[in-house]
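Heads up, the thing below is written out as structure tokens.
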Amino acid sequence: MRIYESSVRRPVTTILIFVGMIVVGLYSLVQLPVDLYPEIELPFITVVTTFPGTSASDVEENVTRPIESALNSVGNLKELTSTSSDGLSVVFLQFEYGSNLDEAMNDIRSNLNFVTRSLPDGAEDPTIVKFNSSMMPIIFYAVTAKESYEGLEKILDERVVNPLNRLDGVASVSLSGVPGRRVYIDIDPRKMEAYNLTVEQIGNILRAENLNLPAGSLEMGQSDYALRIQGEFPESDILKNIVVSYYNGNTVYLKDIAEVRYTIRESKFDTKINGSLGMGLYVQKQSGANTVKVTHEIEKTIAQAAKDLPPDV
């Protein structure tokens, strides 16, 4: 009874205590992290290996199968599946629920250390990815374009993806449905013969540059010669200005005997939004970040970036 008596005798003190409790509660509510998904660890691990410039069958034979053989002995493994495509091997491991994934990661690294030494030259070291709920995108945007479609990836990367990546709480921003690019080198047979060159010589010269060029093609009349060259030419002008020969004291560039152009590679699968070609933009937040706050900042950034996009985007 003393508590009740004291409360009645000192009403001001009692009111201040209750006000203080309300203030603390409101402050805690504001500071309480809000998340879309509970923080859980999924029993899945993926091993991704790239092998640029190779076919799906080559990847299957030389990369995927050796990795599968090495990982079959990992403890608590429930199921192992794989997918091989041009230049890419993905091995998916599912473990029993309750398995210690940190131990599984260590076992996978140990087993991969042995098989990596036997992978063919040109294959990258395998990358291990462990899944958790924080990897789920918190927001998705569908982006369409008409006249700007061929350059949509670059437009989004410069004006949308980069600003989003700088936001606090954003872990990564990725694009889906990005069309593959193909390099065409359309050689003029007459000019090539005039400089005493052959298609094989030109291909060897491009390889000797030791640059990073995605799989492309040499087109000559009805013939289409595939090129598998490791590297990347940031701009087509770099490729055009490669020296292919010296003739009568003059320098012969690739552009002197061929037309070089970058085009979108034809694909069996297109990403369409409401019937129009487009891309998807996914945003993942950092673990522990407030989903509501991060989403609000993303929407503000998108609204600002939209003002600088072409009219058809």
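Throughout, read-outs are computed from the coordinates displayed, never taken from laboratory work. These numbers come from a predicted model, not from an experiment. Using ideal geometry, Cβ is built from the backbone for each residue, glycine included, and neighbour counts are taken over all protein chains shown.
Observations, loosely collected:
- Per DSSP, loop trypsin sites (Lys or Arg not before Pro) in segment 68-128 with at most 16 further Cβ within 10 Å: 117
- Sites residue 79 and residue 292 - FRET efficiency at Förster radius 22 Å, r taken between beta-carbons, to 0.05: 0.05
- Net charge of the neighbourhood of residue 313, taken over other residues with C-beta under 14 Å away and scored Lys/Arg +1, Asp/Glu -1, is -3.
- Label-reachable residues, segment 144-174, where backbone N falls under 20 Å from a point 7 Å from residue 136's Cα toward its Cβ: 169-174
- Around residue 99: net Lys/Arg minus Asp/Glu count, Cβ-Cβ under 11 Å: -4
- Calculation over all alpha carbon pairs of segment 36-154 in 5 angstrom steps from 0 returns a P(r) of 2, 10, 18, 17, 14, 13, 11, 8, 4, 2, 0 percent.
- Using a cut-off of 22 Å between Cα atoms, the listed pairs 130/285; 146/285; 78/130 include 146/285 as exceeding that distance.
- In summary, the lysines within cross-link reach of residue 191, defined as a Cα separation below 29 angstrom excluding same-chain residues under 8 places away, comprise 240, 255.
- 3J(HN,Hα) couplings calculated from phi for segment 152-167 with the Karplus curve 6.51 cos²θ - 1.76 cosθ + 1.60 (θ = phi - 60°) are, in sequence order, 5, 4, 5, 4, 5, 4, 7, 9, 10, 4, 4, x, 5, 5, 7, 6 Hz; Gly and Pro show x.
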